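Written out below as structure tokens is the structure these notes cover.
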Amino acid sequence: MATEASGTQAIDRAAQLLVRVVEASQPPSIGELSERAGLPKSTTSRLVGALERQGLIQRLGARGRLRPGPVLLRYASRDASQTLVELAAPSLRRLADASGETINLAVPGVDGVEHLAQEDTAHFVGVTDWVGRRVPFELAANGKCFLAFGGGSVANAEQIRARGYATSIDELEVGLTAMAAPVLGTNDTAIAALSISGPSSRLTTARIEELAPILKAEASTLSRQMRGAA
């Protein structure tokens, strides 16, 4: 009987934590969640771990802040990914035309960046199909956007937020450079990202600075469209 009561209490506490994460205006940390729920940090961490394993909660990076997991996101908006891809298609095409490089639309996944759509480069060198591939947050330009604009931990987060885009130069792969700008939701958390990638020999510092305003403008346009579609 005591075991049954203990199990029920654990379920209640886990549900309470889940509700707090879902309803939070900004993604909370484990410590903040523990304080708000009035639970020991060790208990909170253990329950959050169980929710993470079931895909109900996710965190960006090893010490990242907490946000609803992929299971809840898929249930809440089963057609959202398709809507996002459809809304983003013109932006991907315009960025491809303007840059001549590979353009991607990505979203944060439970274990890394997930790529939903791509417009290929006009060059022979640099064509890589990223759709369906998952890469670590910390190594990818779009992943850094999710961390910087989602409460996660990433180097130069303040700089990324200030300039409105992130870069990854020879990090994911030597010779590969990428830049990405966040698509922001209603709480200014990155729900997606647009990126430009190509050989480091073409995406130089000067070229990145030249393309940055165009990339940020398209990301802002998509942000407004997504808010209107929500």
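The values are calculated or read from the model by the stated rules, or taken from the named source; none is laboratory data. Everything quoted here is computed from the prediction, not taken from an experiment. Keep in mind that these areas ignore ligands, DNA and RNA; they rest on the heavy atoms of the full protein, side chains included. Shrake-Rupley method; radii C 1.70, N 1.55, O 1.52, S 1.80 Å.
Please work out the Kirkwood hydrodynamic radius for the stretch 92-230, using every pair of different C-alpha atoms, and report it in angstroms with one decimal place.
14.5 Å
How much length is gained if the chain between Arg53 and Ala155 is pulled fully straight, taking 0.36 nm per residue apart and subtracting their Cα-Cα distance, in nm to one decimal?
34.1 nm
Could you do me a favour and compute the accessible area per residue for the stretch 110-229, 1.4 Å probe, result in Å²?
Here the residues of the stretch 110-229 average 46 Å² of exposed surface.
How many percent of all Cα-Cα pairs in the stretch 145-226 sit more than 16 Å apart?
Value for the stretch 145-226 (Cα pairs over 16 Å): 50 percent.
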